[in-house]
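**Student:** Just dropping this structure here.
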Amino acid sequence: MRKHLFTAVIMACLAIVGGRAANIPFNVVIMGDSNTALGGDSCTVERGWTKWYREAVKPVTCISYARNGATWTNNALTRQNITENVRGAGNNNVIYNQVSRFKEAYKNGDQPEPALIIIAAGTCDAWFQSQRPEMYSLTADKAFKSTLQDLMMKKVNQVTSLAESIRFNCEILRESFPDARIVLVAPIETTAVGEARNLKVCNMIEECAKKLGVDVIRLDKECGIKCNNERIKKHYTVDGSNTSVAGAQLIAERMVELLNK
């Protein structure tokens, strides 16, 4: 009897770790920039890694709020806007507004409560750095020195560094969905920006994830899509930045593997 009970407990724990406990609907919410947006809101377009991730994991629901050109970083003109849909780095094309759209959809009953929230962004922060002039105004250490209460009293246009934008969004999500697992995904290398600029953004994402106590996946290190190879011959991307079907499949494969660790 004790042996059967022990086995049942272990199986239940494994199911919960994988987000698949019988009594916990495994709903996934995804946010991010261009390569994430390629899969479409319903995660069904083959050039986006979200399609192949959804097919491999088979969650109950998998909904993407990602948008082309989106950045983590806000600027002084950023405002809450849940309807705008632009390509490129507009003032309101930020993760914060994806979080806002997601929360509104949940409030309206159009979005089930997620067990897993994935945010895959950073390429456009490096790419459109000139439109985010205060991106590096705070280090990760300084961004996490203020109290949570002080941070959450700020308006979005007062949160203009990359580090504080990451913290701000993740804390909003944690407050609204305390049972969800949050995973930050640092982007692949891209020919659109120098390796040093991309690395700086990826390092910042990882630093903030550690301070927040959330999981982080470094696609720039783990995925195998290298900008030097893509400059010579495009295979995993169509233009050095946006994934081909092969690139989307590779990212999804690594995501599934790393998320299960």
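The values are calculated or read from the model by the stated rules, or taken from the named source; none is laboratory data. Keep in mind it's a predicted model, so treat the numbers as computed, not measured. Reconstructed Cβ throughout: ideal geometry from the backbone, glycine too, with neighbour counts over all protein chains shown. We work out accessible area using only protein heavy atoms, side chains counted, and drop any ligands, DNA or RNA first. Shrake-Rupley method; radii C 1.70, N 1.55, O 1.52, S 1.80 Å.
**Student:** Could you look at the chain and say what percent of its accessible area is carbon and sulfur, using a 1.4 Å probe and all protein chains? Provide the component values of the computation, followed by the final result.
**Tutor:** Details: 6600 of 12490 Å².
Roughly 53 percent of what the probe reaches on the chain is carbon or sulfur.
**Student:** What is the gain in length, in nm to one decimal, between D41 and L77 on full extension, counting 0.36 nm per residue of separation less the C-alpha to C-alpha distance? Before the final figure, lay out the partial values.
**Tutor:** Values: separation 36, 0.36 × 36 = 12.96 nm, distance 2.62 nm.
Gain on extension, D41 to L77, equals 10.3 nm.
**Student:** Further question: Quick check: net charge around D141, other residues with Cβ under 10 Å of its Cβ, Lys/Arg +1 and Asp/Glu -1? Don't skip to the answer; put the middle values down first.
**Tutor:** On the way: positive: K142, K145, K211; negative: E207.
With Lys, Arg at +1 and Asp, Glu at -1, the neighbours total +2.
**Student:** Tell me the per residue accessible area of region 110-222 using a 1.4 Å probe; a whole number in Å² is fine. Could the numbers behind the result be given before it?
**Tutor:** On the way: 4820 Å² over 113 residues.
Accessible area per residue, region 110-222: 43 Å².
**Student:** Specify which residue in the list S244, I217, W72 is farthest towards the positive end of the charge dipole of the chain, using unit charges on the beta carbon of Lys, Arg (+1) and Asp, Glu (-1), about the Cα centre.
**Tutor:** Farthest towards the positive end: I217.
**Student:** Which parts of region 156-184 would a label at K211 reach, counting a residue when its backbone N lies under 17 Å from a point 7 Å out along Cα-to-Cβ?
**Tutor:** Once the point is set 7 Å along Cα→Cβ of K211, 158-174, 184 turn out to lie under 17 Å by backbone N, inside region 156-184.
**Student:** Report relative contact order for region 61-131 in percent, whole number only (criteria: Cα-Cα under 8 Å, sequence separation at least 6). Provide the component values of the computation, followed by the final result.
**Tutor:** Numbers: 79 pairs, mean separation 25.5, N = 71.
Relative CO of region 61-131 lands at 36 percent.
**Student:** Report P(r) for region 119-261: all Cα-Cα distances, bin width 10 Å, range 0 to the bin holding the largest distance, values in whole percent.
**Tutor:** Here the calculated profile for region 119-261 is 11, 39, 33, 15, 2.
**Student:** Whose amide H sits under 5 Å from the amide H of V216, counting only residues 5 or more places off or on another chain, with H placed in the peptide plane?
**Tutor:** L184
**Student:** Still on this structure, please answer the following. Length gain on complete extension for the stretch D150 to V60, per 0.36 nm per residue less the alpha carbon to alpha carbon distance?
**Tutor:** Values: separation 90, 0.36 × 90 = 32.40 nm, distance 3.68 nm.
Stretched fully, the D150-V60 segment lengthens by 28.7 nm.
**Student:** Once you have the alpha carbon radius of gyration of the chain, what is it after dividing by 2.2 N^0.38 Å, with N set to its residue count?
**Tutor:** Dividing the Cα Rg of the chain by 2.2 N^0.38 Å gives 1.00.
**Student:** Further, regarding this structure: Calculated FRET efficiency, R181 and H235, Cβ-Cβ r, R0 35 Å, to nearest 0.05? Write down the numbers at each step before the final one.
**Tutor:** Values: r = 32 Å, r/R0 = 0.91.
The formula returns an efficiency of 0.65 here.
**Student:** Find the all-direction average of the projected area of the Cα convex hull for region 32-130, expressing the result in square nanometres with one decimal place. Please report the intermediate quantities before stating the final value.
**Tutor:** Values: hull surface 25.0 nm².
With every direction weighted equally, the projected area is 6.3 nm².
**Student:** Right, next: Which value at 222 nm does the chain reach when only helices count, each DSSP H run of 4 or more adding -39,500 (n - 2.57), with the total divided by all residues and rounded to the nearest 500 deg cm²/dmol? Working shown, then result.
**Tutor:** Details: 12 runs with 114 residues, N = 261.
It comes out at -12500 deg cm²/dmol, rounded to the nearest 500.
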